[in-house]
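The values are calculated or read from the model by the stated rules, or taken from the named source; none is laboratory data. Only a predicted model underlies this, so the values are computations on that prediction, with no experimental measurement involved. Note: ideal-geometry Cβ built from the backbone for every residue, glycine included; neighbour counts use all protein chains shown.
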Amino acid sequence: MFNYAALIDDGLVEGKGPAGAAGYLYGALRSGSADMLEILTERPTMFKPETRRVLHALLREHAFYGGAIDGEFRPGTQRDLRAAYGLAD
């Protein structure tokens with residue numbers, strides 16, 4: 001899921017955009033991918049800001065995020081990503 005999300009984010013999958021990439025990132029995170037959690041918390045800027053904003057919106061839609069939809073992954077976003085993954089702080 002991560003690899004496909006990265007291809008979409010890089011513009012290499014015709015007909016897919018930030019919503020598609022974010023959907024795969026969210027799916028990988030929720031499926032328990034430890035690699036996805038690490039990438040999103042340690043290196044989120046490897047994804048474009050628009051993809052990160054859509055991921056914020058998905059997290060909010062599923063009650064994991066209450067911050068700004070700005071694509072910035074601050075400590076609050078990292079906490080919320082861990083919650084979406086299934087970890088409690």
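Every residue in the stretch 10-32 that is of a type outside the set (A, V, I, L, M, F, W, C) and over 16 Å from VAL54 (Cα atoms), please. Step through it out loud before you land on a result.
Quick first cut of the stretch 10-32, residues of a type outside the set (A, V, I, L, M, F, W, C) only: 10-11, 14-18, 20, 23-24, 26-27, 30-32.
If the condition is that a residue be of a type outside the set (A, V, I, L, M, F, W, C) and over 16 Å from VAL54 (Cα atoms), then GLU14, GLY15, SER31, GLY32 are the ones that fit.
Within the stretch 5-60, work out how many residues are more than 20 Å from ALA88 (Cα to Cα) and not in a helix (DSSP H, G or I).
Qualifying residue count for the region: 11.
Condition check: touching a Phe, Trp or Tyr at 6+ places or on another chain (Cβ under 8 Å) and within 20 Å of PRO18 (Cβ to Cβ). Does ARG74 satisfy that?
Numbers: touching a Phe, Trp or Tyr at 6+ places or on another chain (Cβ under 8 Å): no; within 20 Å of PRO18 (Cβ to Cβ): yes.
Taking the combined requirement at face value, the residue does not satisfy it.
Does ALA5 count as hydrophobic (A, V, I, L, M, F, W, C), within 21 Å of GLY76 (Cβ to Cβ), surrounded by 18 or more Cβ atoms within 10 Å (Cβ to Cβ) and modelled with pLDDT of 95 or more?
On the way: hydrophobic (A, V, I, L, M, F, W, C): yes; within 21 Å of GLY76 (Cβ to Cβ): no; surrounded by 18 or more Cβ atoms within 10 Å (Cβ to Cβ): yes; modelled with pLDDT of 95 or more: yes.
Taking the combined requirement at face value, the residue does not satisfy it.
Of the conditions (1) more than 18 Å from SER33 (Cβ to Cβ); (2) surrounded by 17 or more Cβ atoms within 10 Å (Cβ to Cβ), LEU59 clears all except one; give me its number.
Condition not satisfied by LEU59: (1).
So which residues in the stretch 68-85 are touching a Leu at 6+ places or on another chain (Cβ under 9 Å), part of a loop (DSSP other than H, G, I, E, B) and not aromatic (Phe, Trp, Tyr), if there are any at all?
Once the filter is applied, which keeps residues that are touching a Leu at 6+ places or on another chain (Cβ under 9 Å), part of a loop (DSSP other than H, G, I, E, B) and not aromatic (Phe, Trp, Tyr), the stretch 68-85 yields only GLY71.
Residue by residue, here is whether (1) of a type outside the set (A, V, I, L, M); (2) under 14 Å from ASP9 (Cα atoms); (3) surrounded by fewer than 13 Cβ atoms within 10 Å (Cβ to Cβ) holds:
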{"residue": "GLY27", "(1), (2), (3)": "yes, no, no"}
{"residue": "LEU37", "(1), (2), (3)": "no, no, no"}
{"residue": "THR41", "(1), (2), (3)": "yes, no, no"}
{"residue": "ARG53", "(1), (2), (3)": "yes, yes, no"}
{"residue": "ILE69", "(1), (2), (3)": "no, no, no"}
{"residue": "ASP80", "(1), (2), (3)": "yes, no, no"}
{"residue": "GLY86", "(1), (2), (3)": "yes, no, yes"}
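State whether one or more residues within the stretch 44-51 are farther than 21 Å from GLY11 by Cβ, modelled with pLDDT of 95 or more and not hydroxyl-bearing (Ser, Thr, Tyr). Don't jump to the end; show me each part of the working.
Narrowing the stretch 44-51 to residues farther than 21 Å from GLY11 by Cβ: none.
Checked the stretch 44-51: no residue is farther than 21 Å from GLY11 by Cβ, modelled with pLDDT of 95 or more and not hydroxyl-bearing (Ser, Thr, Tyr).
What are the residues in the stretch 9-39 that are polar (S, T, N, Q) and under 19 Å from THR77 (Cβ atoms), if any?
SER33
What number of residues within the stretch 1-34 satisfy the criterion of being free of Cβ contacts under 8 Å to residues at least 12 places away in the same chain and touching a helix residue (DSSP H, G or I) at 6+ places or on another chain (Cβ under 6 Å)?
2
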